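Below is one structure, written out as structure tokens; the observations come after it.
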Amino acid sequence: MSVADKATREQEIRAEMRKHILRGAERKEDWDAFAFEEPLDPNYHRAQIRYIGAGGSGKYADDNVHPAGSFTLSIMKLPPNAGGPPHTHEVEEVFFCLKGEVVVFWWEDGLQVEETLQPWDMIYCPPGVHRGFRNDTAEDSYFQIMLGLSRPAMPRYADPRIDELRKEREADLAKSHGSAASVS
């Protein structure tokens, strides 16, 4: 390969590589992603920062994210005393604590078992296990969430009142964002 060809190829690779880089400064906190839960408990207030795919938000047509191939990746910002209610997904989900502390829990028929994640701690949640999280500290906490499907369905909730709100939200979002992928 000639020097000129090598330089041209390097530019082509760099251009392709840059298509796959998302800068943190360009990410937006989406406080609306799970706001439909808040009428039942204002402590469900949190922001999703999407990188790859929509995660569990149902916002599949978000053109500000990298398209998902086999999984989604987002960051959740939890203000003090905020959290997410017991929910489940049709695929595995990983919570990876980045900053602060996140109390994670698994829930089954009213029984809740909790553990606290510190930075660089993670928990793998199998499909079908109800899980949730909260921030019991006075500072914002951040954790990474990965779901094992490119277009996962929105969460299914243990609380039927939240699940009814989810169904309404899902129907509204489907008009502009499409539907979840099927699990094979």
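Under the convention that each Lys and Arg Cβ holds +1 and each Asp and Glu Cβ holds -1, the size of the dipole of the chain around its Cα centre is about 800 debye. Couplings for region 56-69, taken from phi via the Karplus curve 6.51 cos²θ - 1.76 cosθ + 1.60 with θ = phi - 60°, read x, 6, x, 8, 5, 8, 5, 8, 9, 10, 6, x, 7, x Hz in order; Gly and Pro are left as x.
Highest GNM mean-square fluctuation among 67, 86, 127, for the chain modelled with Cα contacts below 10 Å: 127. The long axis of helix 3-18 is offset from the longest Cα principal axis of the chain by roughly 20 degrees.
With a Förster radius of 30 Å applied to the C-beta separation of residue 122 and residue 161, the computed FRET efficiency comes to 0.50. Converting phi to 3J(HN,Hα) with the Karplus coefficients 6.51, -1.76 and 1.60 and the offset θ = phi - 60°, region 31-43 yields 7, 8, 3, 10, 4, 4, 7, 4, x, 7, 7, x, 6 Hz in sequence order, with x at every glycine or proline.
Of 46, 23, 131, the residue with the greatest mean-square motion in the GNM of the chain, using alpha carbon springs below 10 Å, is 23.
The numbers here are math on the coordinates, done by the rules we state, and not lab data. Note that the structure is predicted; figures quoted are calculated from it, not measured. Please note: Cβ atoms are built from the backbone with ideal geometry, for glycine as well, and neighbour counts cover all protein chains shown.
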